[in-house]
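Below is one structure, written out as structure tokens, with a few remarks after it.
The values are calculated or read from the model by the stated rules, or taken from the named source; none is laboratory data. All values derive from a computational prediction rather than experimental measurement. Don't worry about glycine lacking a Cβ; one is built from the backbone with ideal geometry, like all the others, and counts go over all protein chains shown.
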Amino acid sequence: MIQVDRRRIAAPLLAVFEAARSVERWPEWLPHYRWVRFLERRGDGGVVEMAAWRPFGFLRYPTWWVSEMLVEAERPRIRYRHLRGVTRGMDVAWDFAGDGAAVAVTVTHRWDGPAWPLIRTPAANLVIGPLFVHGIAQRTLAGIARHVEGAAR
């Protein structure tokens, strides 16, 4: 499964990158995040536990995962490798490209699917990727955009 989500954010590159890497603050800015906490902190990231809601109309489905986070400030890029949860083994990359007026943020999820015999690929490509990963990624990008664009005004 490859799921790519993009958003153009009208704010300085550094502000967008800082908001994206400040994952512990996401629940303040992003109402679909239940919690985010570091289990192990390093200068370039660490191991982070995240939990979010995936709304389906009036229903909210709880999601949870643990990832190793690596911040590449010089690039700039943020990478995650999911260590625990249904999405264990998923690789995620946040890439940032600024043109002065705005920043193009691309979030790419790559994954072979859950360790479920027979339905691994369909579960990843037909349900988990488009319904859960895409749904949460789009809300995350929109929330970061609201936060940094509001601060930039």
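To keep it simple, each residue is scored yes or no on (1) within 22 Å of Ala20 (Cβ to Cβ); (2) surrounded by 19 or more Cβ atoms within 10 Å (Cβ to Cβ); (3) modelled with pLDDT of 95 or more.
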position	(1), (2), (3)
Glu49	yes, no, yes
Leu59	no, no, no
Val92	yes, yes, yes
Ala115	no, no, no
Pro130	no, no, no
Ile136	yes, yes, yes
Ala145	yes, yes, yes
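With the checklist (1) at pLDDT 95 or above; (2) within 19 Å of Leu141 (Cβ to Cβ) in hand, flag the one item Arg75 doesn't pass.
Here Arg75 meets the rest and fails (1).
Examine region 9-32 for a residue that is under 17 Å from Arg139 (Cα atoms), small (Gly, Ala, Ser), surrounded by 14 or more Cβ atoms within 10 Å (Cβ to Cβ) and free of Cβ contacts under 8 Å to residues at least 60 places away in the same chain, and state whether such a residue exists.
Yes, region 9-32 has at least one match.
State whether the residues of region 97-114 include one that is in contact (Cβ under 8 Å) with a residue 60 or more places away in the chain and on the phi > 0 side of the Ramachandran plot.
Yes - at least one qualifying residue is present in region 97-114.
Take the residues of region 67-81 that are more than 12 Å from the chain's Cα centre (by Cα) and crowded, with 18+ Cβ neighbours inside 10 Å: which is nearest to Asp91 (Cα to Cα)?
Val71
Out of all the residues in region 83-95, which are under 13 Å from the mean Cα position of the chain (by Cα), in contact (Cβ under 8 Å) with a residue 24 or more places away in the chain and part of a strand (DSSP E or B)?
Matches in region 83-95: Val92, Trp94.
Tell me which residues, restricted to region 106-137, are touching a Lys or Arg at 6+ places or on another chain (Cβ under 8 Å) and either closer than 18 Å to Pro55 by Cβ or in a loop (DSSP other than H, G, I, E, B) (or both). Quick ask: steps written out before the conclusion?
Taking region 106-137 and keeping what is touching a Lys or Arg at 6+ places or on another chain (Cβ under 8 Å), we get 106-107, 112-115, 131-132, 135-136.
If the condition is that a residue be touching a Lys or Arg at 6+ places or on another chain (Cβ under 8 Å) and either closer than 18 Å to Pro55 by Cβ or in a loop (DSSP other than H, G, I, E, B) (or both), then Asp112, Gly113, Pro114, Ala115, Leu131, Phe132, Gly135, Ile136 are the ones that fit.
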